[in-house]
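The values are calculated or read from the model by the stated rules, or taken from the named source; none is laboratory data. This is a predicted model, so every value here is computed, not measured. FYI the Cβ positions are ideal-geometry reconstructions off the backbone, even for glycines, and counts take in every protein chain you see. Calculation scope for accessible area: heavy atoms of the full protein, side chains included, ligands and nucleic acids excluded. Shrake-Rupley method; radii C 1.70, N 1.55, O 1.52, S 1.80 Å.
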Amino acid sequence: MARDICVLAYSGGLDTSVAIRWIQENYDLDVVAVAIDVGQERQDLDFVRQKALDIGAVESLVKDVREEYVDEFLSKALKANALYENKYPLVSAMSRPIIVKHLVEEAHRCRARYLAHGCTGKGNDQVRFEVGIAALDPDLEVLAPVREWELKTREQEMLYAQERGIPVPTTVDSPYSIDDNLWGRAIECGVLEDPWVEPPADIYTLTSDSRGNSCDNPEYAEISFEQGIPVALDGELCSFHDIIVRMNELAGKHGFGRVDMIENRLIGVKSREIYEVPGALTLITAHKAMEDLCLERQVLHYKLGVEQKWSELVYNGMWFSPLKEALDGFIETTQQLVTGDVRLRFFKGSCVTVGRRSPYSLYDYNLATYDEADNFDHEAAKGFIDLHGLPVRVWARQRRKVGKDGEV
Ligand code: ARG
């Protein structure tokens, strides 16, 4: 009888390569390896696909989901100005849900009952995989080899691999754990685990050092939005995908987009994280500038709270959840008139908004100006202040009775 099938989220690295054999041996399952292209720094994905077959996967495929990632996932993050703890644009947290979606699709295609991922037991990613899978198909069973196996050290894992003819890294291992996609790069481990140690220059690949190598002349970019989504760059129509790629280049060249933070993981541990997110931070800066012009005050203020909740939900693995979906509905409604252009200036590690315009701008020159074009009703201001301050006036009179005249 044919063995049951396990679909494995495969990256080509040592952990998931060892996992192929470990699942076969410990669960007596056939393994189908699935690698998902979300725009990670160019890896030879054909090589990755073949490697899984060589190790013993019964089937191996690479799915290029970059377009869907941009249109269905990153578009939502941008509309939400998503920053976890006001700093982290959710690089890894954004890619996990689309990976999960495609793993579940593949599981259904090959009638697999099992899904496996290569996450450790200490991070957020295991939560994102498992809650995501449960949301899309609660009947699938999840295996987490790296969390389950007894290979405690890297050496034990290498030995296990060598005994089975699984290729092991020949160069000296990078001490860092890196995860990347179109939305940026996350770098952890090694010396970075000491929060006092300045990150070594060689961990960065997307951004140049804003003190040294970055350009000596400022550069400008004009990003055009339609209903919250970037549609053109410097006046030329351009896909959202290409705008992300080009902003990664331009902002990265000027040294903008590095984040060094202490972050609160869902599992309760604080960790030191380095991110390179030039494109993501640039686009969020521009999108916020567009909203400043086009969103009515109450909506803008209320949305700030929604953005924070949205980011927290996505960070915590709740992409496929009813509250996150409901908040998407709110955010989508707010974007109807978020259309126009934003001009940005890049220089020595900074990205500053220097201009914004929109056919739906709520900025009214005649209301805002201090010159003679002024349309603002100054008389009305007096009445407004009387009523706005009325409760305070009443309270102040009462407070006098306890001899606290004018005191704070
Ligand atoms: N701390 C970040 C997050 O939880 C980044 C995780 C990076 N993942 C990795 N496997 N290196 O989203």
Check: Ordered by residue, what ³J(HN,Hα) values in Hz, to whole numbers, does segment 348-357 give under the Karplus form 6.51 cos²θ - 1.76 cosθ + 1.60, where θ = phi - 60° and Gly and Pro are x?
Finding: 6, x, 10, 9, 10, 6, 10, x, 7, 8
Next item on the list: Determine by what factor the alpha-carbon radius of gyration of segment 173-230 differs from 2.2 N^0.38 Å, reporting the quotient.
Entry: 1.56
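Sorted by mean Cβ packing within 10 Å, highest first, what order do the peptides 253-260, 332-339, 89-96 take?
Numbers: 253-260: 21.6, 332-339: 16.9, 89-96: 25.2.
With the highest mean Cβ count within 10 Å placed first, the list reads 89-96, 253-260, 332-339.
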Notebook entry, point to check: Can you list residues whose amide H is under 5 Å from L143's amide H, if they're 5+ apart or on another chain and H is modeled 1.01 Å from N?
Noted result: L115, A116, H117
Check: Compactness ratio of segment 161-296: Cα Rg over 2.2 N^0.38 Å, N = residue count?
Finding: 1.30
Check: Any idea how far the Cα center of segment 332-385 sits from the one of segment 173-208, in Å?
Finding: 39 Å
Check: Which whole-angstrom value gives the distance between the alpha carbon centres of segment 223-267 and segment 41-119?
Finding: 20 Å
Margin query: Probe of 1.4 angstrom, ligands and nucleic acids ignored: what's the accessible area per residue over the chain, in square angstrom?
Written below: 52 Å²
Item checked: Normalised alpha carbon radius of gyration of the chain [divisor 2.2 N^0.38 Å] -> 1.19
Next item on the list: State the percentage of accessible surface on the chain attributable to carbon and sulfur atoms; use a 1.4 Å probe and exclude ligands, DNA and RNA.
Entry: 52 percent
Item checked: Length added when fully stretched, V142-L362, from 0.36 nm per residue minus Cα-Cα -> 74.2 nm
Checklist line | Along each principal axis, Cα extent of segment 76-170, largest first, Å | finding: 49, 36, 21
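Given only helices, namely DSSP H runs of n ≥ 4 each adding -39500 (n - 2.57), what is the per-residue ellipticity at 222 nm of the chain, to the nearest 500 deg cm²/dmol?
Values: 14 runs with 164 residues, N = 408.
The per-residue figure over the chain is -12500 deg cm²/dmol.
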Next item on the list: List the chymotrypsin sites (Phe, Trp or Tyr not before Pro) within segment 343-399 that fall in a DSSP loop (any state other than H, G, I, E or B) and whose Cβ has at most 16 other Cβ atoms within 10 Å.
Entry: Y360, Y363, Y370, F376
Margin query: I'd like the trypsin sites (Lys or Arg not before Pro) in segment 136-174 restricted to DSSP loop residues with at most 13 other Cβ atoms within 10 Å, sorted by number.
Written below: K152
Notebook entry, point to check: Of the listed peptides 270-277, 120-127, 73-80, 292-299, what is their order by residue-averaged count of other C-beta atoms within 10 Å, with the highest listed first?
Noted result: 73-80, 270-277, 120-127, 292-299
